[in-house]
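Working notes for the structure below.
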Amino acid sequence: MAQSEDGELDRLVRQRIRALRVARGWSLEELASRALVSQSTLSRIENGQRRLALDQLVTLARALDTSLDQLVEAAADDVVSNPAIDPAHARMSWPIKGYPGMSVIRQRLTAPPPDGPARTRAHPGREWLVVLSGTAVLLLGDRRVRVEANQAAEFPTMLPHAFGAEGGPCDVLGVFDRDARRGHQRGEAG
């Protein structure tokens, strides 16, 4: 890594420490106490007057209730991503950067959920979806759940499930972990 990149990351880590402290409403004294460092040491860390030491970063990350990875993660230049478009299923998807295997999928549902338990699927994973417009029906085990615009549903995908639209088209935005996404790629039942 070039020296200017190191300096930029160093500056970014210091900004994150201060921003997280301020966001929590903590004074220098409070974070210093939680991290078991002196207030003057913390002040010099935030202001760039003291070298960042790995042991102190680990302690500060814990005190700020974050991970070391998140604290020292390089800034991404590519903050905007374009969707992968699947016109056959009226779906767009985006990977969630920094969370391998996580995806966001926007889909237009036009058909009602399939009839009967034979059309529901179960697979490892977890799903979360929000209805953007219309009304979705989620078949979840033996339950039939209506999810209206601006409502969300979250469930473990080991429960047999399927979903569809009720009373017309429905747009949903879902967040899928790696296992849930794979389960849906194997079969197109909701």
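The values are calculated or read from the model by the stated rules, or taken from the named source; none is laboratory data. Remember, it's a predicted structure, so these values are computed and weren't measured experimentally. Reconstructed Cβ throughout: ideal geometry from the backbone, glycine too, with neighbour counts over all protein chains shown.
Going by the conditions given, is Ala53 under 22 Å from Gln15 (Cα atoms), loosely packed, with under 15 Cβ neighbours inside 10 Å and modelled with pLDDT of 80 or more? So Ala53 fits the description; yes.
Of all the strands (runs of 3 or more DSSP E) wholly in segment 101-153, which have at least 1 residues that are among the acidic types (Asp, Glu)? Reasoning before the result, please.
On the way: elements: 103-109, 126-140, 143-148.
Of the strands (runs of 3 or more DSSP E) lying wholly inside segment 101-153, those with at least 1 residues that are among the acidic types (Asp, Glu) span 126-140, 143-148.
Residues checked against (1) farther than 13 Å from Phe176 by Cα; (2) modelled with pLDDT of 80 or more; (3) assigned by TED's automatic domain parsing to the domain that holds Asn150:
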residue: Ala88; (1), (2), (3): yes, yes, yes
residue: Pro95; (1), (2), (3): no, no, yes
residue: Thr110; (1), (2), (3): yes, yes, yes
residue: Pro114; (1), (2), (3): yes, yes, yes
residue: Ala118; (1), (2), (3): yes, no, yes
residue: Arg121; (1), (2), (3): yes, yes, yes
residue: Arg126; (1), (2), (3): no, yes, yes
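For segment 8-59, give me the residue count where each residue is assigned to a helix (DSSP H, G or I), out of contact with any Leu (no Cβ under 7 Å at 6 or more places or on another chain) and touching a residue at least 40 places away in the same chain (Cβ under 8 Å). Summing the residues that are assigned to a helix (DSSP H, G or I), out of contact with any Leu (no Cβ under 7 Å at 6 or more places or on another chain) and touching a residue at least 40 places away in the same chain (Cβ under 8 Å) in segment 8-59 gives 3.
Is it the case, given these coordinates, that Gly174 is within 27 Å of Ser67 (Cβ to Cβ), modelled with pLDDT of 85 or more and either within 22 Å of the chain's Cα centre (by Cα) or basic (Lys, Arg) (or both)? Spelling it out, Gly174 is indeed within 27 Å of Ser67 (Cβ to Cβ), modelled with pLDDT of 85 or more and either within 22 Å of the chain's Cα centre (by Cα) or basic (Lys, Arg) (or both).
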